[in-house]
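Taking it in order: structure first as structure tokens, then the write-up.
Computed from the coordinates by the stated procedures, all read-outs in this text should not be read as laboratory data. Quantities reported herein were computed from a predicted structural model and do not represent experimental measurements. Here the Cβ is made from the backbone with ideal geometry for all residues, glycine too, and neighbour counts use every protein chain on show.
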Amino acid sequence: MRSATAYFTLMISSLLALIAGLIIWPASSASMTVHGVHSVLGIVAVGSLGVLAARARRAGVSRGVVAGAVAWTAVTLLFAMAHGQLAPGA
């Protein structure tokens, strides 16, 4: 049941973070509220992906799948930390 909750959280927060990001991207002067919501949703998505990776490892899922989830989490975190410099006008 906890894995289902983490999966549902990952799917919903990822979708909402994507939508918030698409709102922010074309609007150079998007409100800070949307930025904050986007950031929080991203943290929730990355956290739930990490939880799913840990639970998958304990459940005996192949190391390749778990390594892929961990790698995706790391890439997402690195991109999130660098995306401020990638934004237009930054």
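With label points built 7 Å along Cα→Cβ from the Cα atoms of ALA74 and LEU22, find their separation and express it in nm.
Simple spin-label model gives 3.1 nm for this pair.
Report the extension gain between ILE43 and ILE12 in nm, rounded to one decimal, defined as 0.36 nm multiplied by the number of residues separating them, less their alpha carbon distance.
Gain on extension, ILE43 to ILE12, equals 9.9 nm.
Taking θ as phi - 60°, what are the ³J(HN,Hα) couplings along the range 57-72 by the Karplus curve (6.51, -1.76, 1.60), each to the nearest whole Hz, with x for Gly and Pro?
4, 5, 7, x, 5, 4, 4, x, 5, 5, 4, x, 5, 5, 5, 5
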